[in-house]
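This report concerns only the one structure given below.
The values are calculated or read from the model by the stated rules, or taken from the named source; none is laboratory data. It should be emphasised that the depicted structure is a prediction, and the values quoted were computed from it without experimental measurement. Note that each Cβ is placed from the backbone with ideal geometry, even for glycine, and that neighbours are counted across all protein chains shown. Please note that ligands, DNA and RNA were not included when accessible areas were found on the heavy atoms of the full protein model with its side chains. Shrake-Rupley method; radii C 1.70, N 1.55, O 1.52, S 1.80 Å.
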Amino acid sequence: PQVWRNLTVFPLFGNFNHSPNYITLNQAIEKKKILVGEISESGSVPQILLENIGDMYVLLVDGEELIGAKQNKILNLSILVPPRSRTVIPVSCVEAGRWARNRADFHTTNRVMYSKVRMQKARAVSASLRYSNARRADQTEVWDSIAETAQAFGTDSRTGAMGDIFEQRQQSLDKYLAAFTASDRDIGALFLVNGKVAGFDLFDHQSTHARIFPKLLRSHALDAILDSGKSANADATTPASSKDAAQKFLQQTQ
């Protein structure tokens, strides 16, 4: 593992000879291959419209943030958007105090939702799929969790935006980011905060992981900063205890 302070990252290795038949959200926006906006002039809190105008699939990863339009959003689940298509995307709002356009469309950021709320959202979306065949999160729960985190950090945000929490902790986050690297063999990572599993992401190609890893790392670093000093005992973040927790978790996924 790589360890810095109370964050531990176990790389997951794999070798693939094929090239991905898709591009990531950041690549698609940078190359102007997608258009992302509100579903209508009036907009909708739990939905946005994505038009893939390119010839490749576009990978959207659960928890990735899109900012702009009438309010900032995060993706409710991972989606592979077909080329030359228009798709209504299920999202959750991460900016409770704004419902007015600050730009016509959405653009992406360098982060995903931090793991605590990402996990809560995933549970809610899974329940929504089971009981109503919808892909909705508990929006009130998302807003309440962001407000709780902002209060814990002492974040000043006029619109209650998740992004303000990250931006006002940028110097601390940069220290975590500088401490970890992804190798050209990595296809995923297992993250532990204070010796406990906080997140697990696995991709089908090294290049995909390399592009998404900084977003994931920034997300878990925020959790680590928030939970620093909350270790249950002095040995909670030793390499041996973290390795045991990681192995146990991976065995449960098989």
Subset of segment 162-205 that is without any contact (Cβ under 8 Å) to a residue 24 or more places away in the chain and hydrophobic (A, V, I, L, M, F, W, C) - its residue that is most open to solvent (accessible area, probe 1.4 Å): A178
Breaking point among (1) touching a residue at least 40 places away in the same chain (Cβ under 8 Å); (2) surrounded by 19 or more Cβ atoms within 10 Å (Cβ to Cβ), for T155: (1)
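I'd like to check which helices (runs of 4 or more DSSP H) are fully inside segment 158-254 and have at least 1 residues that are modelled with pLDDT of 95 or more and out of contact with any Asp or Glu (no Cβ under 8 Å at 6 or more places or on another chain). Reasoning before the result, please.
Values: elements: 162-167, 170-178, 206-226, 239-253.
Passing ranges, in order: 162-167, 170-178, 206-226.
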Any pair with Cβ under 8 angstrom, 6 or more apart, that starts in segment 29-53 at a residue that is without any contact (Cβ under 8 Å) to a residue 24 or more places away in the chain and ends at one that is of a type in the set (A, V, I, L, M) and surrounded by 13 or more Cβ atoms within 10 Å (Cβ to Cβ): K31/I23
Pairs, first in contact (Cβ under 8 Å) with a residue 24 or more places away in the chain in segment 1-27, second assigned to a strand (DSSP E or B) and of a type in the set (G, A, S), C-beta under 7 Å, six or more apart: V9/A189; F10/A189; P11/A189; L12/G188; L12/A189
